[in-house]
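K.L.:
Below are the structure tokens for one structure; questions will follow.
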Amino acid sequence: MATTPETAGVPNETPNEKGIHQWLSQDEFPDNLKKYWHQRFRIWELYSKGIWMTEDAWFGVTPEPIANKIAAHIGEAAPKEKTIIIDAFAGVGGNAIAFALSGRWDQVFAVEKDAKTMKCAKHNAKIYGVEKKIVWVTGDCFSAINKRFNAKNNTVIFASPPWGGTEYSAEDVFDLSKMQPYNLEALYNGFSRYSSHLVLFLPRTSDLNQIAQYAPKDKKLEVAHYCIMGASKALCVYFGDFDFENEEEDEKK
Ligand code: MGP
């Protein structure tokens, strides 16, 4: 690889498997993903250090500033006795890396079904210096959580599931009952049996009335939009007694 400003400092580790890419110049980048090439440093601040991606990962990866903000919110608002966080759909690692970098958790678990995507996540975590701070589990998240965390009550589950492709934005209000392959009900029922504290990362246009059905009696659910340059990219729903009081006070200062 010739050294250019873009490639300076790239670890000498290039992917040697079909479907795993280290795109360092626009010439090699797929045309249909062009908008993400322009966003690459917003998605990964250390992109030029040799981030690995799959083509599909561009659609779903959480941009780094948002992943860091979510990690800060969950870290501050989760009860202190919650010491383990599980990133149930880890993808290429954006959120798990942010959780590990936050230093808030005794253990960060990253679960990902697709082996190639998982290789990208591990490599990317190495770039951010946290590969060894994350427990990597390749497999289906529901069975992995059932196997390891069935009897534990010190976990928070964070889930950034597939939304069924980029078409989610075609409707003004996104119908969460139609989300593929897991709809809101499947996600809530699948995870809430293993943890009282669940955070779902969902489309910014998600139907809030559908979400509100899961609020406990006489209580509200916390929903936060995460924005870049004033525009919402997605929202998180916080199920369980997350305490945002201190966080709000800090932000007012
Ligand atoms: P986007 O759909 O590319 O909209 O992704 P954006 O960037 O607002 O583009 P525009 O053309 O509409 O202006 C917005 C954010 O949603 C991305 O940064 C991802 O974090 C997230 N995202 C998008 N998709 C399709 C998924 C998905 O399937 N799953 C998850 N978890 N996140 C997604």
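Just so you know, all these numbers are worked out from the coordinates, no wet-lab data involved. Source: prediction; values computed, not measured. Positions of Cβ are backbone-derived with ideal geometry, glycine not excepted, and every protein chain shown enters the neighbour counts.
K.L.:
Taking the DSSP beta bridges in the chain as the whole, what percent of them are antiparallel, to the nearest 5? Write out the running numbers ahead of the final one.
P.N.:
Numbers: 13 of 30 bridges.
Percentage antiparallel, nearest 5: 45.
K.L.:
May I pose another question? Could you pull out every residue, at least 5 positions away or on a different chain, whose amide H is within less than 5 Å of the one on residue 139? Hs are placed 1.01 Å off N in the peptide plane, and Pro or chain starts have none.
P.N.:
Counting only residues 5 or more places away or on other chains, the set is 112, 113.
K.L.:
Considering amide H positions built from the backbone, and no H for Pro or chain starts, which residues 5 or more places from residue 228, or on another chain, come under 5 Å of its amide H?
P.N.:
Excluding prolines and chain starts, which carry no amide H, the hits are 233.
K.L.:
Highest mean first, what order results for 176-186, 115-125 on Cβ atoms within 10 Å?
P.N.:
The most tightly packed comes first, giving 115-125, 176-186.
K.L.:
Next up: Just want to confirm a number: the relative contact order over the chain, from Cα pairs under 8 angstrom separated by 6+ residues, in percent.
P.N.:
Numbers: 420 pairs, mean separation 39.9, N = 253.
Relative contact order here is 16 percent.
K.L.:
If you build a Gaussian network model of the chain, linking Cα atoms that sit under 10 Å apart, which residue out of 80, 233, 126 swings the most?
P.N.:
Comparing 80, 233, 126 in the GNM, the peak value goes to 80.
K.L.:
For residue 52, what residues show an amide H to amide H distance below 5 Å, using hydrogens built from the backbone and excluding near sequence neighbours?
P.N.:
Result for residue 52 returns 124.
K.L.:
Separate question: Please tell me which of these pairs span more than 27 angstrom C-alpha to C-alpha: 80/116; 18/126; 18/113; 18/49; 18/233; 34/133?
P.N.:
Values: 80/116 34 Å; 18/126 20 Å; 18/113 17 Å; 18/49 20 Å; 18/233 30 Å; 34/133 33 Å.
Checking Cα-Cα distances, 80/116; 18/233; 34/133 exceed 27 Å.
K.L.:
Per-residue ellipticity at 222 nm for the chain, helices alone: DSSP H runs ≥ 4 residues times -39500 (n - 2.57), over residue total, nearest 500 deg cm²/dmol? Can you show the working numbers first?
P.N.:
Details: 10 runs with 80 residues, N = 253.
Using -39500 (n - 2.57) per qualifying helix, the result is -8500 deg cm²/dmol.
K.L.:
Moving on to the next point. Efficiency by 1/(1 + (r/R0)^6): what FRET value for residue 243 and residue 223, r their Cβ-Cβ distance, R0 = 22 Å, to the nearest 0.05? Before the final figure, lay out the partial values.
P.N.:
Details: r = 16 Å, r/R0 = 0.70.
Efficiency, from the Cβ-Cβ distance: 0.90.
K.L.:
Report relative contact order for region 1-124 in percent, whole number only (criteria: Cα-Cα under 8 Å, sequence separation at least 6). Could you put the intermediate results ahead of the total?
P.N.:
Numbers: 167 pairs, mean separation 30.4, N = 124.
Relative CO of region 1-124 lands at 25 percent.
K.L.:
Right, here's the next one. Taking only the alpha-carbon atoms of the chain, what semi-axes of the equivalent ellipsoid follow from 5 times the gyration tensor eigenvalues under a square root, in whole Å, largest first?
P.N.:
30, 20, 18
K.L.:
Hey, another quick one. Can you compute the charge dipole magnitude of the chain about its Cα centre, using +1 on each Lys and Arg Cβ and -1 on each Asp and Glu Cβ, nothing else charged? Give it in debye, rounded to the nearest 20.
P.N.:
On the way: 29 positive and 34 negative charges, 131 e Å.
So the magnitude is around 640 debye.
K.L.:
Go through 84, 228, 208 and say which Cα lies farthest out towards the positive end of the charge dipole of the chain; charges sit on Cβ, +1 for Lys and Arg, -1 for Asp and Glu.
P.N.:
It is 84, whose Cα lies furthest towards the positive end.
K.L.:
Anyone know which of 193, 104, 40 comes out most mobile in the 10 Å Cα GNM of the chain?
P.N.:
Residue with maximal mean-square fluctuation among 193, 104, 40: 193.
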